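Step one of this worksheet: look at the structure below.
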Amino acid sequence: MTSVADVQRAVESLWPAATAEDWDAVGLVAGDPADPVERVLLAVDAVEATAAEAVERGAQLLLVHHPLLLRGATSVAATTPAGRVITRLVRARTALLAAHTNADAVDRGTSGELARMLGLEGARPIVVNRVDPAKGLGRVGDLPAATTLGDLARTLAGLLPAVAGGIRVAGDADRAVRRVAICGGAGDSLLREAEVAGADAYITSDLRHHPASDARERHAAGEGPALVDVSHWASESLWLRPAADELRAALPGVEVLVSDIRTDPWDFAVPQARGEAPQEERAWH
């Protein structure tokens, strides 16, 4: 019989907790280590939909990328979103386990997987892991052949799951691109890293206005990369299938499933014509 503790050990062997960033909160979030596990479901986020899916599909463990209680909590009452997730899983005896920046740091992690899909040559971490120098956050490398920024964005549109927000780009669509830096998930904290500054384009998510504006101005002046902002969920969802393959190999007696639920938070977008002035506001009485 495979137990929750056995799954924990397999996860630790694949994505050691010691390689997670200091601020992270990885590992077992809820569940009894002694409980048996026959089926595991993988998802990016622990939300009500993925918790319900885990229960409905008979999974005894939900392995997610994003820690549910990353910023701490004083209550997990079912009056909060996180509390409802925990309550549903505990009632069904479904454990919850998280592998976050420890899973980002490996070659088949979020950034490494996208680097592989783009065929980056000589890919290496942007920020080397403090515990294991062979691992680290982000990846930077060279495309097999130069392309344009516009074509790179279109390639990404075909590689990543479609979401309402699409792909946003700052830079000349016809600009040549060869060296690419990648950080799956939120990556504006790496904008000033030398490996990012030396790239032709930087692919990441959740770029905030001021850091992105500053980087765009530097790029226009010939310093730093063009920016490609993709969905946080879409970029990190690339980790799920290779992670499932690795877990199947580590736990041959356990069925490992991957959730198809898209937990990107945006439901739809309304395109606007560029250069079109907003209509005059009407006063409603």
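The values are calculated or read from the model by the stated rules, or taken from the named source; none is laboratory data. Every value quoted in this text rests on a predicted model; they were computed, and no experiment measured them. When we count neighbours, we look across all protein chains shown, and the Cβ atoms used for this are built from the backbone with ideal geometry, even at glycine.
Total residues in the stretch 131-143 satisfying the condition of being over 18 Å from LEU227 (Cβ atoms) and in contact (Cβ under 8 Å) with a residue 40 or more places away in the chain: the figure is 3. Summed over the stretch 157-179, the residues that are under 21 Å from the mean Cα position of the chain (by Cα) and either part of a loop (DSSP other than H, G, I, E, B) or under 19 Å from TRP239 (Cα atoms) (or both) give a count of 11. For GLU193, the conditions (1) touching a residue at least 40 places away in the same chain (Cβ under 8 Å); (2) within 15 Å of the chain's Cα centre (by Cα) all hold with the exception of (2). Counting only residues that are within 18 Å of the chain's Cα centre (by Cα) and touching a residue at least 24 places away in the same chain (Cβ under 8 Å), the stretch 50-91 holds 10 of them.
Would you pick out the residues in the stretch 162-176 that are touching a Leu at 6+ places or on another chain (Cβ under 9 Å) and not small (Gly, Ala, Ser)? Result: ILE167, ARG168, VAL169, ASP172, ASP174, ARG175. Name every residue in the stretch 215-266 that is of a type in the set (Asp, Glu) and either over 18 Å from the mean Cα position of the chain (by Cα) or closer than 20 Å to GLU38 by Cβ (or both), in order of residue number. Within the stretch 215-266, GLU217, GLU223, ASP245, GLU246, GLU255 meet the criteria. How many of the residues in the stretch 180-208 are in a loop (DSSP other than H, G, I, E, B) and either outside the structural domain of LEU118 (by TED's automatic domain parsing) or buried (at least 21 other Cβ atoms within 10 Å of the Cβ) (or both)? Within the stretch 180-208, residues that are in a loop (DSSP other than H, G, I, E, B) and either outside the structural domain of LEU118 (by TED's automatic domain parsing) or buried (at least 21 other Cβ atoms within 10 Å of the Cβ) (or both) number 5.
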